[in-house]
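All of the numbers you see were taken from the coordinates with simple rules; none came from a lab. Being a predicted model, the structure only gives us computed values, none of them experimental. Here the Cβ is made from the backbone with ideal geometry for all residues, glycine too, and neighbour counts use every protein chain on show.
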Amino acid sequence: MDTTIMTGYAEYTDSDTAVPPHDILAERAVLGAALRGGQAHLAEITAIAAPGDFYRPRHQAVFAAICALSDRGAPHDVVAVRAEVERRGAAEDPRGAGYLLDLGDDLADLAAEAPSPATGAYYARIVAECSRRRAIMAAGTRGRQLARQGSDDIEDLAAQVVEEMERAAFPAERGEEDTFAVGEDSDYWDGLATPLDPSTMVVPPYRDLAEAIPALTPGEITTVAGRTGVGKSVCATDFARHAALRQGHTVLYVSLEMDRTMMLNRIYAAEARVTMETFKRKSFTEAQWADLARARERVARAPLHISTPSACTVSTIRARVRSLERRGQAPALVVVDHIGRLRLASGERVDNRAQEVSRFSWGLKELARDHGVPVLSVCQINRDPEKRADPTPTAADLKDSGSVEEDSGNVIIVHRPDRGRPEDPRAGEVDLVIAKNREGAEKTVVLTHQLHYQRFVDMARG
């Protein structure tokens with residue numbers, strides 16, 4: 001069945017076999033207004049439409065030339081635009097046919113027939129709307145292709161389709177202020193004068209660590225790294241418990257190594273101070289049942305959401321974040337445990353493991369920036385420290401890719417001096433080595449590990 005869509009300036013018919021949505025008259029009106037109008041009118045138009053929004057390649061080339069001239073501060077009249085289009089190599093069709101040979105006459109017609117420069121923004125909205133409709137149609141086609149040929153994992157497939165459709169349906173706003181005059185910074189100074197409000201910050205769970213890193217920065221990645229078995233997941237869980245149970249923040253914890261039961265065991269062991277051995281044996285005393293009941297009340301009130309997908313891409317995590325946002329529970333912290341267990345989306349290809357992990361790292365960085373949320377990512381350390389006289393790991397020891405360090409605002413390395421050496425003089429201690437601190441000093445914070453309770457705690461101050 002054909003569907004007729006009114007744009008407000010022209011109408012077109014859309015079906016599976018018809019041409020994609022477009023409005024040639026509106027496109028010509030925009031170009032004419034841009035040619036006749038000054039910088040102010042052009043600024044209104046470019047805040048709404050971009051060259052890629054035009055349906056006809058000729059119109060794309062003309063508008064791109066107008067924008068390029070304007071960016072250089074040059075006139076964008078008929079003569080200048082024709083020269084710019086030809087200079088940019090768009091005067092001939094790639095297929096060899098004469099494409100813009102009559103460009104001069106056409107530009108003159110565009111300028112002459114434009115209703116008024118003041119109407120440019122109105123017609124630009126029509127052009128942008130048609131472009132958006134085409135993008136949604138293309139996303140639908142891509143969704144059908146993925147459904148036929150995509151990942152075998154239905155959750156991964158659904159996440160990819162949702163991301164494709166949302167990217168088309170809700171494109172980034174044009175004209176967002178990503179460039180500013182340094183002198184116009186009153187909001188910056190107002191922010192400096194406003195005291196920090198702990199209720200709005202994701203504060204680290206340990207006293208001495210919070211002195212070095214007062215809060216996790218929205219839009220940034222904090223990487224918690226360590227060798228297998230040192231307690232990096234314990235540290236990540238401490239961050240999640242503290243943010244959700246102590247501060248009341250919504251937290252999304254994506255666990256790619258532990259199932260639901262293991263995660264709950266860890267949380268309740270830490271909260272109720274019941275040993276993991278007791279959970280394994282299920283030999284709880286009456287007092288422990290009472291402690292667990294009180295812990296359950298606290299946990300039930302906390303906005304802590306745990307996801308344990310069997311296969312997970314960055315798109316899967318993004319879909320979980322969007323789901324919480326739609327329910328009015330936008331997460332204040334996203335924990336990914338761990339980055340090495342992520343998978344590439346269906347159809348993605350890389351040459352080696354380093355490129356793969358680099359893709360994961362940048363994907364988490366984009367997620368953090370797009371949703372304005374801090375991401376805490378758990379990462380493995382390679383075996384190189386074990387070969388050195390001083391086995392304390394550094395940021396250079398992060399496994400598989402240097403991109404993890406580059407993309408992180410903070411890198412916290414978990415190191416236990418007594419790992420494998422129970423007689424060590426520092427038995428019971430754990431070092432959090434701040435190997436990278438984008439907004440502060442690098443230092444080592446010493447904690448007490450209570451691994452039987454699956455938690456770290458502050459050292460007692462004498």
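Brief remarks follow.
- On full extension, the segment bounded by Ser323 and Ala287 gains 9.1 nm, given 0.36 nm per residue less the C-alpha separation.
- In this simple spin-label model, placing a label point 7 Å from the Cα along the Cα-to-Cβ direction at both Val19 and Ala330 gives a separation of 4.1 nm.
- Stretched out straight at 0.36 nm per residue, the stretch from Ala396 to Arg246 would grow longer than its current Cα-Cα span by 50.6 nm.
- In this calculation the C-beta distance from Leu264 to Asp458 is compared with R0 = 30 Å, giving a FRET efficiency of 0.75.
- Residues Glu86 and Ala300, FRET efficiency given R0 of 51 Å [Cβ-Cβ distance, rounded to 0.05]: 0.15
- Magnitude of the charge dipole, the chain, Cβ model with Lys/Arg +1 and Asp/Glu -1, debye to 20: 2120 debye
- Additional length obtainable on full extension of the chain from Glu348 to Arg421, 0.36 nm per residue less Cα span: 21.9 nm
- Each of Lys232, Lys282, Lys443, Lys365 has some number of other Cβ atoms within 10 Å of its Cβ, and from fewest to most they run Lys282, Lys443, Lys365, Lys232.
- The chain: antiparallel DSSP beta bridges as a percent of all, rounded to 5: 50 percent
- Lysine-lysine proximity count for the chain, Cα under 28 Å, sequence distance 8 or more or distinct chains: 15
- Our summary gives the chain a relative contact order of 15 percent, counting only alpha carbon pairs under 8 angstrom and 6 or more residues apart.
- For segment 196-458, the Cα-based Rg and Dmax, in that order, read 18.0, 57 Å.
- Cβ-based charge dipole, the chain, positive-most Cα from Ser361, Tyr188, Ala128: Ser361
- Here is how the number arises for the chain: DSSP H runs of 4 or more residues each give -39500 (n - 2.57), the sum is divided by the residue count, and the result at 222 nm is -13500 deg cm²/dmol.
- Estimated inter-spin distance, Ala108 and Glu211, nm [label 7 Å along Cα→Cβ]: 7.9 nm
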